[in-house]
Structures are given as structure tokens and as C-alpha cells.
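Before any comments, here is the structure.
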Amino acid sequence: MGNEARSGRMAKGRRWRAAVGVALGGCALFASSAAPAAAHGGPAGRATEYVSLGDSYTSGPLIPRQVDANCARSDHNYPSIVAERRNASVFRDVSCSGATTEEMWRAQGANGAQLDALRRDTALVTVQIGGNDVGFGSIIATCARLGAQEPAGDPCRRSYTSSGVDRLAVDIARTAPKVDRVLRAVRARSPHARVLVVGYPDLLPDDGSGCFPSVPFAAKDFPYLRDTEKRLNLMLRLVAAVDGARYVDTYGPTRGHDMCKAPADRWIEPLQPASPAAPAHPNARGEQAMADAVLRALGEEHGRR
């Protein structure tokens, strides 16, 4: 038993080193580049109790109808759509705008610690977290400010790599163990739940093109920021695999509907939204697309049982 335990720890350590190496690597990483992980078991069939954990990409700020002003939570966010389609008999959505991994254990205004929503008989848990740990908001603000000063260059990339190390890649690597801690806590509180880690949707053109001034980033910063988001998603996929959770790719299904597209075609709003949504966040169609991705993942799992 001792040798088996040591072997397990060593195998997990190797996977962690791979995850951190990916986050620190200089190559462009694609959201579809790793094989999906199988989720732990749990009762077959439809979920009877579903808990949603996450940040503003989950809660759906400004999307009608807002049902929680403290957390900017919509009743048309992707968890609400999933709960309705899955006929969840109990649904607790505690996602909250601005949440980091720390808010899994810490109250956020009137929103209690998100992990407190879990029960031993919870059947389904979705988790979308990590963007605020990396600093989505400050990254967007910094790159928009620098882009306005030098729209043809790559001032944002230069700023984040001025020390010779990509600080955003380092932040993603540092976020990996935080997400791992969240998933381990979810498993401890809801040992029979099907746990899905939901990735982030396609925010910027996948081909690396830009759309200044609609999205005021410098032309050569668009591919850098695209690759940074892909690196974040790949880290989430690898951590999910380490912890036995299912990763849900929302980048692929939303590709081509980024914030640079025309209002009729975009599912992510730019910094000056035309549809009810927070800047650089999914609108109602984006939340529907993420819900469809989660439902497809659940359907695939059910089909394998």
C-alpha cells in the first residue's frame, strides 16, 4: 500500500509539472489540444440536485432578468438553462461576479462562501473559476490603455514580458494549484457528484486579427491575448484531468462569435456592449452556447453509462 500511495503521488506530481510547464511555455496552446477527462461516477440519469459555482462568466451580469444584485446574477445564465433542461429538483446557483478561488471559502458581500452550497447528495456541480485569479479585469484595462497609445504595436505583450518572463503565464501557473484545491474541496463535500470544469469562451478573434478601436487593443496584442486565454483554458483542462473532473470546452463552440464580430453575430460583448451584458462578457446568446456545451458533455457522459 505504501508503494502504491507513493506511486500515485509521483504520478500526480508528474501531471502537475506538465500542467505548470504548459502554462509557462511560449508556444500557442489550443483549447482542443488535450483529450477530455472522464468524470467520476455518481447517479446515472438526470441530476436531481445541481450546484453552480463560478465567477461573472457564470453569473451573467446585466443579462435580463437579474435576480441577485450583489452578485450580478441572471436567471438566463448557463447554469439556469442547464438546470431547467436537466429537470433539476434542487438548483443552487451561487456564482458571483468578481469571484476568485478564495470566494469558494469566503463570503462575497451577501453571497456566502460558495462551497457551502454543496451537500453530500449533490449530484451535479459545475465550476467556472480562475479568470479573476489571473486578473482578467486588470489585463483588459491595461491592454486597452496601452493599445490607445500604440495601436499598431504590441505594447501589452511587451509590458507583461518586460522582465524576460511572461507574467501572465506565471499567473496562470500559480492559479493551477488554487483550482486543484477547489476541486478537491468539491469532491470532499459532494463525493458522488459529477463535477464539470467549464472553460472560458472565445473572447477575441481566433485568427489573431484585431478590431481597433471597437476593441481598443493594439493590433499585435490580439494574438498574444488570444494565446493567453488558450493557455488558461488548457491549464483548466489539465487540472480537471488530474482531479478526475470533466472539462467542458466553451472556446470551440463560441469560436467566430467573439467581441470583434458584428452585433448580430457576436456572443461576447466588447468594451462598449450593444446587448445587455457586462463588457468583455457573454451576452444571452453566449450563455446559451455555454449551456449547450455543458449539456452536450452531460449527454456524452450519460451515453457511456
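The values are calculated or read from the model by the stated rules, or taken from the named source; none is laboratory data. Predicted model, so just to flag it, every value in this text is computed and none were measured. Every residue, glycine among them, receives a Cβ derived from its backbone with ideal geometry; neighbour counts consider all protein chains shown.
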Q.
Criterion first (over 26 Å from Asn77 (Cβ atoms), aromatic (Phe, Trp, Tyr) and part of a loop (DSSP other than H, G, I, E, B)) does Phe222 satisfy it?
A. no
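Just to be sure I understand, how many residues within region 38-63 are farther than 13 Å from Asn111 by Cβ, touching a Ser or Thr at 6+ places or on another chain (Cβ under 7 Å) and modelled with pLDDT of 95 or more?
First, the residues of region 38-63 that are farther than 13 Å from Asn111 by Cβ: 38-51, 57, 60-63.
Add one more test, that the residue is touching a Ser or Thr at 6+ places or on another chain (Cβ under 7 Å), and what stays is 48-49, 51, 60-61, 63.
Restricting the remaining residues to those that are modelled with pLDDT of 95 or more gives 49, 51, 60-61, 63.
Number of matching residues: 5.
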(Q) Can you go through Arg255, Arg266, Arg237, Arg231 and tell me which one is at pLDDT 95 or above, surrounded by 22 or more Cβ atoms within 10 Å (Cβ to Cβ) and in contact with an Asp or Glu (Cβ under 7 Å, 6 or more places away or on another chain)? (A) Arg266
Q | Count of region 276-305 residues which are in contact with a Lys or Arg (Cβ under 8 Å, 6 or more places away or on another chain) and assigned to a loop (DSSP other than H, G, I, E, B) | A | 1
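I need the strands (runs of 3 or more DSSP E) fully contained in region 66-131, keeping only those with at least 2 residues that are among the aliphatic types (A, V, I, L, M).
Working: elements: 66-68, 90-93, 124-128.
Answer list for region 66-131: 124-128.
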Q. If Glu300 passes every condition in (1) surrounded by 23 or more Cβ atoms within 10 Å (Cβ to Cβ); (2) of a type in the set (D, E, K, R); (3) at pLDDT below 95 but one, which one does it miss?
A. (1)
(Q) So for region 107-125 (the condition being loosely packed, with under 15 Cβ neighbours inside 10 Å, free of Cβ contacts under 8 Å to residues at least 60 places away in the same chain and in contact with a helix residue (DSSP H, G or I) (Cβ under 8 Å, 6 or more places away or on another chain)), does at least one residue qualify? (A) yes
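Tally time: how many residues in region 168-205 are under 23 Å from Pro79 (Cα atoms) and either among the acidic types (Asp, Glu) or in a helix (DSSP H, G or I) (or both)?
13
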Q: Could you grab me the full set of residues in region 58-96 that are closer than 21 Å to Val195 by Cα and polar (S, T, N, Q)?
A: Thr58, Ser59, Asn77, Ser80, Asn87, Ser89, Ser95
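Condition (residue is out of contact with any Pro (no Cβ under 8 Å at 6 or more places or on another chain), at negative phi and in a helix (DSSP H, G or I)) applied to region 146-154: is it met by at least one residue? Working first, answer last.
The initial filter retains those residues of region 146-154 that are out of contact with any Pro (no Cβ under 8 Å at 6 or more places or on another chain), namely 150, 152-154.
Right, trim to at negative phi and you get 150, 152-154.
Now narrow it down to the ones that are in a helix (DSSP H, G or I): none.
There is no residue in region 146-154 that is out of contact with any Pro (no Cβ under 8 Å at 6 or more places or on another chain), at negative phi and in a helix (DSSP H, G or I).
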Q: Look at region 181-206 and say how many of its residues are surrounded by fewer than 21 Cβ atoms within 10 Å (Cβ to Cβ) and farther than 23 Å from Val134 by Cα.
A: 5
